[in-house]
Structure formats: C-alpha cells, structure tokens
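Asks: I have a structure here, written as structure tokens, and I will follow up with some questions on it.
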Amino acid sequence: MIRLHLPTLAAACALAALPFSAGADELDPTGEWSAYGGGQAPLPPMGWNSWNAFYHDIDEEKVLASAQIILDSGLADAGYRYVNIDDGWWLKRDTDTGRMVIRTATFPSAATDSDRTSFRPLTDRLHAMGLKAGIYSDIGRNSCGQTFGHGNANNPAGTAAEREVGLYDHIDQDIALYFGEWGFDYIKVDGCGIRGMGADNPNVQKGIYREVTPLIDFDSIAKTDVPAVKDLFAQVGQALVKHNPDGDFLYSLCIWGSANVRSWGKEYGNISRTSEDIAPYWGRMLHNLDSASRRALYAQPGNWNDPDMLFVGTGDFDTDHPAEARSHFSLWAMLNAPLIIGYDLRKATPEQLAILGNRELIALNQDPAGNQAVLAYDTEDVQFFVKTLADGTKAVALFNRTATQMPVTLTADHLKYAADGQIALTDLWSGEASSFTGEQEFTLAPHETRVFRAAGTRALPGGMYLSEMPGRINVAEEGIDFPEPDPMIHRAIVPWQNTRSNGERPRYTGWGGARADSSPYGQMLRVADREFLTGIGVLANSRLEVRGDGFRRFSAMVGRDDSGPDDGSRVRFEVYGDGKLLGASEWMGLAEPAKPLSVDTGGAAIVELVVRGDGKTARPVPVTWGDAALLP
Ligand code: GAL
C-alpha cells in the first residue's frame, strides 16, 4: 500500500488521479506479520526450467532427460527439486469446455484419451523420480510468445478464442486443472497478456488476438493499473490455496519488476521477478543482479526476490568463462535468489555440474535464517556482499564487476566483526583456509567473485543488528509517495532489441525503498553529522515489521537523516511490541542529533518500527534507525 502525504489541497487534487490511494492509518501497528505465508518457500526454490535452455523449442524428451541428469549427477541430492516447463507447452483452449489442451506432438504422454490431454503421466514420472513439477501460464489471455511474436512454431493454434491460453477469465478452472488434476507443484505466472495486447499490437490489428487494454505500462507507473494487476495475482493465489488443500505449491510472479510489484508481491506470492529477462551476457547479468541486490529488506522466508533464472553454461557463462559462471552462481546464492538452472544438462561438463552443485555455495542460499546478503561495499567496480547465517557466522562475496584485475581490502567493519579479533576465512571455491585481524587485501581477477565463510568476534556481542537479519524484517509501509524507477541498476543493452532505440532508461520502481546500512537513496546513514555504518534507512511514514522472538530489548539511535530536505518538517519514531506502544521519540527535525530509543520488548513476537511525518513537507523525508539492534 502506498500512502499519499499531501501538503496542500491543490496537490491533493493534482494527485487524486494517481492509481494509489491513502487508506486508513496504515502506520497503526497490527501486531502481525503481513507478508505472504502460503505456499512452500521457506527457502529459495531450487530446480531447472526449460526456458533459458530451449526457449519455445521444448518437448517431453528434453524435460525428462534433464530430470534424469538432475538425479544421476547428484544435483537432486544437492537440493535441486523442481523441473519446470516454461512457455511452449500449450496447443489451444477447447472453447466448448474451456479446458486447456497440451501440444501432444511434443508431449506425447499427454495424449491420455481421445478427446482430453493430461500432464498427469509426466508429473507422475517426475514425482516417482523424487522431483517436483512446475508449469507456466500468463495472467492475461495470451502468452508472451503470442504477445511479442516469438516462438511461432510452438505458439497456440486455432481461432482467436482457441489461442486464449492464459489465465484471464479462467483462473479457477486452470488452477484446478494444473494442480488438482495434473498434479503440478509450482506455477510461474507471466504478465505479457496484460502488457502488450493493446490496440497497437500488430497481431491484434490483424484480428489474430483479442485486444486487452494494457494494465501494465512498463514506462509509466502512473499509467499502470496497480490495483487491477494486484487483484488478478491475488485471484490466482486464492485459487492455488483452494486447489492445493495440502498447501504444497509454489507461486512465482513474473511481471519483471513492473507495477510497483516490489512493494506488494511479497503479500501475494513466493517469488517475484525483479527485472526483465536475463540473457547470457555479462552486462545483462549485472542488470538482473542490481535489480535485486539493494532489496535485502524485501525478501524473507516465504518471499524471495527473483532476479531470473541461471544462465550458467551459456554465452559469457560457458565453459570458456569459468570465472563468470562462478560469479553468476555465487551472487545468486548470496542473494537468496531461486537457483533455477537454465541449461541443457545433456551438454553439461563435470566442471559445470561442479559449479551448479557446489554444496558450500548452495548451503549459503539455503541457510534457514533466510537473510539475503547486504551490500557492505558498493561501487560500479567492486561490491562486497555480506550474509549473516543462522549460526551467527557470515558469508562474504568479493565481486569484481570489471574486466580488469582489482586489488581490494576487506575490513572487520564490513563483516561487523571486532577489528582486534582474529577472523577465520574459508574460501568456498578452493576450500583454502586463512585468517586475518583488522583488514586483509585480495586481488580479484577480472569478473571474479571470491566467496568466504567468515568467523570472528561480533562487534555487537549478544545482540543482532537489524541490518544483519533482513530475513526477519518486512517492510509493511515504505512511505513512498510516488514510486520511481531505480537509477542504480546497470543499464545493459537489451539483446532482443539491441541498439534500436536511444538507450536504456532506469526502470523498475523501488527507488527510495527501505535499505539495510544505507539511506533510502543510497547515501551514508548520517544524523547531524554522525555517521552510522549500521542501521536501517527508510522514509518517514513507514512501518517495518520485525520478528522479535528470542530477544528482549530493542535499541537504536534515531533521527532525520542528513540526506533529506531542509524543509522544517519533523518526524517521530515509535516502537511497538505485539501491537502495544513501547516507546517513542520526540518530534525531531533535520540536524537534531540522533537520540537513543531503547525499549524492553518483553520478547514480543512482532516488533513494529513506525516513523510518522508531520505532513509539513512536499518531499519524502529519509530517516535513520542508526545502530538498530535486537538484544537479549
Ligand atoms: C518472459 C519471461 C521469461 C519466459 C518468457 C516465455 O516474459 O520473463 O522468463 O518465461 O516470457 O515466453
């Protein structure tokens, strides 16, 4: 939900046409965890998907061959479970019954009887192998292949009505079929049919497809019908619950970071794409990485950022590029991204299987605490990602984005470890052990990522900084007035368009969202000249839900962040435990020194951190929960 904080009546009238409305007081505490709890994603899903390997050119033999290799190679034992069919499986919709018909020329086992097709034989085989099965659909009437005119050979056939294979108008019927009757465990729901089937689509103009007024305008959030998009995805979620009485399903949202999905996807599904498609090029991998890397507070067990599937094996990540392949895999593991292989495993070399099957890296991704790595050092050249693990130790990835060698220095501060204590490192690619005190130099090869497990003396003994445990935080209200594209994401050439435009623009609303160890707009956390290496940066008019079990106190140094406007406005910080006010600051203005806010939480299950603005500003006001921590 998005609040509007309107300075004047004139502004209120000007903004009234926006697709967002201020509800009742969304800052009031609820004492509840409001992120989605359905489906099966306590850990990021792992598996295989046909798209990056075969695009539309899929068939049963390819799917089963991949499944067999996942078993035989030990990848299943390493955690890879889902075998997911992407675009290209459908023949048409039977317009008499509304039932979907499978393309039996490519999936022969689906020809179960004379007038019906079924994926049950295929899902039975996958289940008998100990694997799980995933299917693909679109929230609109038509698929991506139909919308954008790719994949013609395996696009649905027949009349315009028969070609309407997406969920639109058939949500309940299709979900009942895919899960209740066919036995799938996972669905990826794409969004092309509500994005590109407007009157300007050439195939709509030719009468091949029915026009659907686009709900998503990729380049304008104001022209995107966010409530309508949410409503469609919510309906699918409800149908999934209804047709999976055992709750064994995984719901993957694929609207590529559009429609402000960053702020609401976690209320509706288990994984949500943060960007448009990855491609097997270095720049495109950077683009997809960046779309998720500053969103650590928007992922928790049950809800994960999805920067798209792996491309290990292809192009810039093929056998000639082992450093790049290892980097891509390391970064996805650190970000708690779904580890979905997108390679024709029949061609995989032992070295490639060893990358995908690296148990140490997989253990980071599958760590039960569910903390997405936080950026401890961030430049266009080099980034350090630090992830706090369930046992209290850390993993750190030192990532060289450039094509030249980079000397770098890792410090105890990056790890939130004491500078005078010894820090033990284990290199998770080489197995080599080492240790250092204070700081340690490394030389990163071009495009290399070194990943270590690190154990040292915690800078905060006993307690945990909030920015060390993003998996326990849900950003319930982010205080953003009007969602803006994120300018920090690497703007890569879009391969399917190449340079047929005047360049790539910032995309994917999310700029100004809550951040770990950073202000919402990427500045250092700083209150009245005092810098905080650790803390949560967020806008005023925000509410964070924090899982507080296992702790008894909350403490922070709070204040308006120096990066905000000098507008005379003031903010107030409030801390709640299971819905009850435990403590609050005074109303604080810019340049007032940070004040301590420390409360006894009494072990409250949900601690809520609320910042109210006084409404006297026309611009979002960054605030800082400096050194915010839960303590025993
Ligand atoms: C895209 C989606 C891809 C793939 C493709 C199929 O929208 O992002 O991952 O599913 O559609 O046509």
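Asks: Just the residues that are of a type in the set (D, E, K, R) and surrounded by 14 or more Cβ atoms within 10 Å (Cβ to Cβ), please, taken from the stretch 581-600. Lay out the reasoning, then the answer.
Replies: Going residue by residue through the stretch 581-600, those that are of a type in the set (D, E, K, R) are 586, 592, 595, 600.
Matches in the stretch 581-600: E592, K595.
Asks: Do the conditions hold for D87, that is, is it of a type in the set (D, E) and either modelled with pLDDT of 95 or more or not assigned by TED's automatic domain parsing to the domain that holds G357 (or both)?
Replies: So D87 passes the test.
Asks: Residue by residue through the stretch 521-546, note down the ones that are farther than 17 Å from P29 by Cα, crowded, with 24+ Cβ neighbours inside 10 Å and of a type outside the set (A, V, I, L, M, F, W, C).
Replies: Of everything in the stretch 521-546, those that are farther than 17 Å from P29 by Cα, crowded, with 24+ Cβ neighbours inside 10 Å and of a type outside the set (A, V, I, L, M, F, W, C) turn out to be G535, G537.
Asks: So, one more: Determine, yes or no, whether N201 is in the same structural domain as S258 (by TED's automatic domain parsing), within 16 Å of the ligand (Cβ to nearest atom), surrounded by fewer than 22 Cβ atoms within 10 Å (Cβ to Cβ) and more than 27 Å from P227 (Cα to Cα).
Replies: On the way: in the same structural domain as S258 (by TED's automatic domain parsing): yes; within 16 Å of the ligand (Cβ to nearest atom): yes; surrounded by fewer than 22 Cβ atoms within 10 Å (Cβ to Cβ): yes; more than 27 Å from P227 (Cα to Cα): no.
Against the criterion (in the same structural domain as S258 (by TED's automatic domain parsing), within 16 Å of the ligand (Cβ to nearest atom), surrounded by fewer than 22 Cβ atoms within 10 Å (Cβ to Cβ) and more than 27 Å from P227 (Cα to Cα)), N201 does not qualify.
Asks: Check off (1) buried (at least 23 other Cβ atoms within 10 Å of the Cβ); (2) at pLDDT below 95 for I208 and give me the number that stays unchecked.
Replies: (1)
Asks: Can I ask one more? Working only within the stretch 134-183, note down all residues that are of a type in the set (A, V, I, L, M) and within 16 Å of the ligand (Cβ to nearest atom).
Replies: Here is the first cut: in the stretch 134-183, the residues of a type in the set (A, V, I, L, M) are 135, 139, 153, 157, 160-161, 165, 167, 171, 175-177.
Residues satisfying the conditions are I135, I139, A153, V165, L167.
Asks: Got a sec? Which strands (runs of 3 or more DSSP E) wholly within the stretch 438-533 have at least 3 residues that are farther than 18 Å from L375 by Cα, touching a Ser or Thr at 6+ places or on another chain (Cβ under 8 Å) and without any contact (Cβ under 8 Å) to a residue 24 or more places away in the chain? So that I can check it myself, show each step before the final result.
Replies: Values: elements: 439-444, 449-455, 473-477, 507-509, 525-527, 530-532.
The strands (runs of 3 or more DSSP E) meeting that bar number zero.
Asks: So, in the stretch 390-404, exactly how many residues are in contact with a strand residue (DSSP E or B) (Cβ under 6 Å, 6 or more places away or on another chain) and either closer than 19 Å to M285 by Cβ or assigned to a loop (DSSP other than H, G, I, E, B) (or both)?
Replies: Here is the first cut: in the stretch 390-404, the residues in contact with a strand residue (DSSP E or B) (Cβ under 6 Å, 6 or more places away or on another chain) are 393-400.
Retained after the next criterion (residues that are either closer than 19 Å to M285 by Cβ or assigned to a loop (DSSP other than H, G, I, E, B) (or both)): 393, 397-400.
The total comes to 5.
Asks: A follow-up question, please. Among the residues of the stretch 101-121, which ones are among the hydrophobic types (A, V, I, L, M, F, W, C) and surrounded by fewer than 17 Cβ atoms within 10 Å (Cβ to Cβ)? I'd like the intermediate steps shown before the answer.
Replies: The initial filter retains those residues of the stretch 101-121 that are among the hydrophobic types (A, V, I, L, M, F, W, C), namely 101-102, 105, 107, 110-111, 119.
Selection gives A105, A111.
Asks: Looking only at helices (runs of 4 or more DSSP H) that lie completely in the stretch 269-361, which have at least 2 residues being farther than 27 Å from T379 by Cα and over 20 Å from the mean Cα position of the chain (by Cα)?
Replies: On the way: elements: 282-293, 322-334, 350-356.
Once the helices (runs of 4 or more DSSP H) in the stretch 269-361 are filtered for at least 2 residues that are farther than 27 Å from T379 by Cα and over 20 Å from the mean Cα position of the chain (by Cα), what remains is 350-356.
Asks: Are any residues in the stretch 204-216 within 16 Å of the ligand (Cβ to nearest atom) and either more than 20 Å from the chain's Cα centre (by Cα) or not assigned by TED's automatic domain parsing to the domain that holds P156 (or both), and if so, which ones?
Replies: First, pick out the residues of the stretch 204-216 that are within 16 Å of the ligand (Cβ to nearest atom): 209, 212, 214-216.
Y209, V212, P214, L215 - these are the residues of the stretch 204-216 that are within 16 Å of the ligand (Cβ to nearest atom) and either more than 20 Å from the chain's Cα centre (by Cα) or not assigned by TED's automatic domain parsing to the domain that holds P156 (or both).
Asks: Hey, any hits in the stretch 552-563 for a residue that's surrounded by fewer than 22 Cβ atoms within 10 Å (Cβ to Cβ) and closer than 18 Å to G479 by Cβ?
Replies: Narrowing the stretch 552-563 to residues surrounded by fewer than 22 Cβ atoms within 10 Å (Cβ to Cβ): 552-553, 555, 557, 562-563.
Next, only the ones that are closer than 18 Å to G479 by Cβ stay: 562-563.
Looking through the stretch 552-563, at least one residue is surrounded by fewer than 22 Cβ atoms within 10 Å (Cβ to Cβ) and closer than 18 Å to G479 by Cβ.
Asks: Here's a check for you: in the stretch 258-268, which residue that is assigned to a helix (DSSP H, G or I) and of a type in the set (G, A, S) is nearest to the ligand (Cβ to nearest atom)?
Replies: Let us first name the residues in the stretch 258-268 that are assigned to a helix (DSSP H, G or I), namely 261-267.
Now narrow it down to the ones that are of a type in the set (G, A, S): 263, 265.
Numbers: S263: 20, G265: 14 Å.
Per the criteria, the residue is G265.
Asks: Only one of R284, R295 is away from the ligand (no atom under 13 Å from the Cβ), over 22 Å from R141 (Cα atoms) and modelled with pLDDT of 95 or more; which?
Replies: On the way: R284 fails: away from the ligand (no atom under 13 Å from the Cβ).
When all the criteria are applied, what remains is R295.
Asks: Anything in the stretch 255-309 that is farther than 29 Å from A390 by Cα and among the hydrophobic types (A, V, I, L, M, F, W, C)? List them, or say none.
Replies: If the condition is that a residue be farther than 29 Å from A390 by Cα and among the hydrophobic types (A, V, I, L, M, F, W, C), then I255, W256, A259, I278, A279, W282 are the ones that fit.
Asks: Now for a separate question. On the given criteria, is L398 closer than 24 Å to L310 by Cα, among the aliphatic types (A, V, I, L, M) and not assigned by TED's automatic domain parsing to the domain that holds R491?
Replies: On the way: closer than 24 Å to L310 by Cα: yes; among the aliphatic types (A, V, I, L, M): yes; not assigned by TED's automatic domain parsing to the domain that holds R491: yes.
The answer is yes for L398.
Asks: Could I ask something else about it? Looking at the stretch 57-88, which of the residues that are in contact (Cβ under 8 Å) with a residue 60 or more places away in the chain and within 16 Å of the ligand (Cβ to nearest atom) is surrounded by the most Cβ atoms within 10 Å (Cβ to Cβ)? Spell out how you get there, then give the answer.
Replies: Taking the stretch 57-88 and keeping what is in contact (Cβ under 8 Å) with a residue 60 or more places away in the chain, we get 57-58, 60, 62, 64-71, 73-75, 78-80, 82, 84, 86-88.
Filter once more, so that each one left must be within 16 Å of the ligand (Cβ to nearest atom): 57-58, 62, 82, 84, 86-88.
Numbers: D57: 13, I58: 22, K62: 18, Y82: 24, N84: 27, D86: 23, D87: 25, G88: 23.
Among those residues, the one meeting the criterion is N84.
Asks: Exactly one of these conditions fails for G98: (1) crowded, with 18+ Cβ neighbours inside 10 Å; (2) touching a residue at least 60 places away in the same chain (Cβ under 8 Å); (3) away from the ligand (no atom under 16 Å from the Cβ). Give me its number.
Replies: With (1) crowded, with 18+ Cβ neighbours inside 10 Å; (2) touching a residue at least 60 places away in the same chain (Cβ under 8 Å); (3) away from the ligand (no atom under 16 Å from the Cβ) applied to G98, the lone miss is (1).
Asks: If you don't mind, there's one more thing I want to ask. Answer yes or no as to whether D124 is surrounded by fewer than 16 Cβ atoms within 10 Å (Cβ to Cβ), closer than 30 Å to M46 by Cβ and either touching a residue at least 12 places away in the same chain (Cβ under 8 Å) or of a type in the set (S, T, Y) (or both).
Replies: Considered against the rule, which asks whether it is surrounded by fewer than 16 Cβ atoms within 10 Å (Cβ to Cβ), closer than 30 Å to M46 by Cβ and either touching a residue at least 12 places away in the same chain (Cβ under 8 Å) or of a type in the set (S, T, Y) (or both), D124 comes out as yes.
The values are calculated or read from the model by the stated rules, or taken from the named source; none is laboratory data. None of these values were measured; they are calculated from a predicted model. Note that we place each Cβ from the backbone using ideal geometry, even for glycine, and neighbour counts take in every protein chain shown.
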